[in-house]
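S.K.: My questions will all concern the structure given below.
Please treat every number below as a calculation from the coordinates, not as lab data. Not measured: the values here are computed from a predicted model. Note that we place each Cβ from the backbone using ideal geometry, even for glycine, and neighbour counts take in every protein chain shown.
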Amino acid sequence: MNMEVHVDPADRAETPPEAGRLGGWKRGGLVLVPVVVIGLVGAKLLHHDPAPPAMPPAAVTVATPIARDVTQWDDYVGRFAPSQTVEVRPRVSGQVVALHFHDGDMVRKGQLLFTIDQRPFQAAQAEARANVESAQSTLTLARSDLARATRLTGDDAVSAGEVDQIRSRVQSAVAALAAAQARLRERSLDMEFTEVRAPIGGKISDRRVDVGNLVVGGEGSSATLLTTINALDPIYFGFDASEALFLKAQRDRQQGGGATQIEVRLQDEAAYRWKGKLDFTDNGLDPRSGTIRGRATVANPQGFLTPGMFGNMRLSSGGTVRALLVPDLAIQTDQVRKTVQVVAADGTVSVKPVTVGAVIDGLRIVRSGLAPTDRVVIAGMQGAMPGAKVQATQGVIAPDTTAAQTDAAAPVAAQATFAR
């Protein structure tokens, strides 16, 4: 049996009420999402974050250069030498019989050093003295004969020819006496030369001969060398100056009055404690080395300085001058230039090229390029840019005696000290 079921179309289209409500919410949600997104974006646009605050100007310390009287020096290296040196040699030959000094003593001028056997010279001196007495006797007799003959010429007892002969004998006796006296003086000198004395004062070297040795006298190097003596007070300091330093010293003398003060320090000394003055400059430069010899005298009353010692000398060729000084740390290097930063009245930073000199107690001499009224940046240079404005605080420039005195930026061999 066939059964057919008929469904009403109205019944197929009918949906539950819950399903209808869910479909409406989905459609409303699709509409609200863009609205919410647009609202959030609008609120974000309307709510602006505050801009970051502007950076404050860099803080720097400034100060005007100090003006001080300074003494400018040039450096040299040299060696000490005796102001006098003498080789002691005998004037007569003979045997050394006595020695009157110790090796290395300080001796005074005229001090007895060696004695040579005097006996041969005493005998020669006695002989010469006897010859003088004999010549004196001959002269006395000749003069008596002449006086007698002169009285008899009035009686014609003596001829004029005989008188002339007697007068001639008197003159010969006078000459013989003079010769005998000269020989006596020579023998006396030989006797004096047996005592070898110091020709100058100074420090004596060691003896080259001992007592009992025969020595040869004479002139020059043919005589036996006994010892040497060096005069040490004053002592010389010799040095060679390059042509550049010589020219610099010459021009500095023209501008500064020609000061010739020198100071020397030894290899183990930090200070220049030995004072002196320049007393000689050679008359020409050596064309092979391009240098010129110079010499200074240094007082050495205790004999501490010894010939052959090396020393560092500085020469006050420029005299005393007025100079501007700034801290060495304020000097900056711009390729081959030296510069400093200065701050104008409105706080603007600018850079000035300068020519620098030596360092004194941490302060650098500025030869040119800087005015006494310039406000130089002495601290905070890293934050100061050319053309930018800075907040400047006033500082003070003062020497620092503990600062290192290395001076790589100064001209070759240049130094300076504060004038005393």
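S.K.: Please work out the Kirkwood hydrodynamic radius for the stretch 157-230, using every pair of different C-alpha atoms, and report it in angstroms with one decimal place.
M.R.: Details: mean 1/r = 0.0593 Å⁻¹.
Hydrodynamic radius (Kirkwood, Cα only) of the stretch 157-230 equals 16.9 Å.
S.K.: Place a point 7 Å from the Cα of N213 along the Cα-to-Cβ direction; which residues of the stretch 192-207 have their backbone N under 13 Å from it?
M.R.: The answer is 206-207, whose backbone nitrogens lie closer than 13 Å to the label point.
S.K.: Express in whole angstrom the spacing between the alpha-carbon centres of the stretch 277-299 and the stretch 350-373.
M.R.: 32
S.K.: Counting only other residues whose beta carbon sits under 13 Å from that of E192, what net charge do I get with K and R as +1, D and E as -1? Show your work: numbers first, answer last.
M.R.: Numbers: positive: R91, R185, R187, R197; negative: E186, D190, E195.
Local charge sum for E192: +1.
S.K.: Which whole-Hz couplings ³J(HN,Hα) result when phi for each residue of the stretch 99-109 is put into the Karplus expression 6.51 cos²θ - 1.76 cosθ + 1.60, θ = phi - 60°, listed in order with x for Gly and Pro?
M.R.: Coupling constants for the stretch 99-109: 10, 10, 8, 9, 4, x, 5, 8, 10, 9, 5 Hz.
S.K.: Where the centre of each part is set by its Cα atoms, how far does the stretch 92-147 sit from the stretch 165-220, in angstrom?
M.R.: Here the answer is 6 Å between Cα centres.
S.K.: How far, in nm, would the chain grow between S222 and A98 when pulled straight, counting 0.36 nm per residue and subtracting the alpha carbon separation? Don't skip to the end; give the middle numbers.
M.R.: Details: separation 124, 0.36 × 124 = 44.64 nm, distance 2.21 nm.
Gain on stretching S222 to A98: 42.4 nm.
S.K.: Tally Lys/Arg at +1 and Asp/Glu at -1 over every other residue whose Cβ is under 15 Å from the Cβ of Q394; what's the total? Display every interim value, and only then the final one.
M.R.: On the way: positive: R375; negative: D374.
Residues close to Q394 contribute a combined charge of 0.
S.K.: Over the Cα atoms of the stretch 331-376, compute the convex hull volume and normalise it per residue, giving Å³.
M.R.: On the way: hull volume 3.6 nm³, N = 46.
With only Cα atoms used, the stretch 331-376 gives 77 Å³ per residue.
S.K.: Which whole-Hz ³J(HN,Hα) couplings does the stretch 84-96 yield from phi under the Karplus relation 6.51 cos²θ - 1.76 cosθ + 1.60, θ = phi - 60°, glycine and proline marked x?
M.R.: 8, 9, 10, 8, 8, 10, x, 8, 10, 8, x, 9, 6
S.K.: Along the charge dipole of the stretch 119-193, which of S168, L141, A182 sits closest to the positive end, that is, farthest toward it, with unit charges on the beta carbon of Lys, Arg, Asp and Glu (+1, +1, -1, -1)?
M.R.: My answer, from the dipole projection, is A182.
S.K.: Please compute the length gained on full extension between V174 and K389, using 0.36 nm multiplied by the number of residues separating them and subtracting their Cα-Cα distance. Walk me through the numbers before you get to the answer.
M.R.: On the way: separation 215, 0.36 × 215 = 77.40 nm, distance 10.88 nm.
Computed gain between V174 and K389 is 66.5 nm.
S.K.: Determine the equivalent ellipsoid of the stretch 119-193 by diagonalising the alpha-carbon gyration tensor, then write out the semi-axes as square roots of 5 times the eigenvalues, largest first, rounded to whole Å.
M.R.: Numbers: eigenvalues 261, 16, 8 Å².
For the stretch 119-193, the semi-axes come out at 36, 9, 6 Å.
S.K.: From Cα pairs below 8 angstrom and at least 6 apart in sequence, can you work out the relative contact order of the stretch 119-193, rounded to a whole percent?
M.R.: Values: 53 pairs, mean separation 39.2, N = 75.
Over the stretch 119-193, the number comes to 52 percent.
S.K.: Using the Cα centre as the reference, give the magnitude of the dipole from point charges on the C-beta atoms of the stretch 119-193 (Lys, Arg: +1; Asp, Glu: -1; all else neutral), rounded to the nearest 20 debye.
M.R.: Values: 10 positive and 10 negative charges, 44 e Å.
Value, rounded to 20: 200 debye.
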